[in-house]
Amino acid sequence: MPDAEPPPPRICPTCGKEGRTRFERCPHCRGSYFATPRTVRRRRRLIAGAAGALVAVAIAAFVVVATLDAVVAWALYAFFKPVNRELALLAGWLRLAYSAVFAVAIGQLSGALHVLGNADTMRAFTPDQVHTQALLRIADFHDIWTVSLVL
């Protein structure tokens, strides 16, 4: 098997460092290679503004989805048990594992909302640092959720 060519170098728009990675995030600062300063400013305004209430509603909806996924895990087991008990058990446990990993991802998303709404955080850090922390939590949510979809 021939060696794959290394990916082309990319310059991170966030930290300015060059990196050779196939992933969409910079290995140095975890910033997106596709983010421009304009999109970063827009995201910061949306998160800090009235979108906080919408994010809280979205988090509540995600919690409902994770809970329903646990119910679906049980339903998968109950539905397929008469056909093949071992396979039904595997399907149920995999769905339950997805639900658990998804719940961890939701925790990261709620952490972003906590960072933005915490008065102590606002006093301890500059607004840019607070927004960066929130965006990193949102990126963590996305990354963990993407991994959970493999299950």
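Which whole-Hz couplings ³J(HN,Hα) result when phi for each residue of segment 103-113 is put into the Karplus expression 6.51 cos²θ - 1.76 cosθ + 1.60, θ = phi - 60°, listed in order with x for Gly and Pro?
5, 5, 4, 4, x, 5, 5, 5, x, 5, 5
Report, in deg cm²/dmol and to the nearest 500, the calculated mean residue ellipticity at 222 nm for the chain, where each DSSP H run with n ≥ 4 adds -39500 (n - 2.57) and the sum is divided by the residue count. Could the numbers behind the result be given before it?
Numbers: 5 runs with 103 residues, N = 151.
Helix contribution divided over all residues of the chain: -23500 deg cm²/dmol.
How far apart, in nm, are two points set 7 Å out from the Cα along the Cα-to-Cβ line at residue 68 and at residue 84?
Distance between the two pseudo-spin positions: 2.8 nm.
Springs between alpha-carbon atoms under 10 Å, Gaussian network over the chain: tell me which of 78, 112, 100 tops the mean-square fluctuations.
Result: 78 has the largest fluctuation of those listed.
Where does each of 118-124, 25-31 land if you order them by average Cβ count within 10 Å, highest first? Please list the in-between numbers first.
Numbers: 118-124: 10.1, 25-31: 17.0.
The densest-packed peptide leads the list: 25-31, 118-124.
Since every read-out is calculated from the coordinates, none of them should be taken as a lab result. These numbers were taken from a predicted model, which means no experiment stands behind them. Here Cβ is always computed from backbone atoms with ideal geometry, including for glycine, and neighbour counts include all displayed protein chains.
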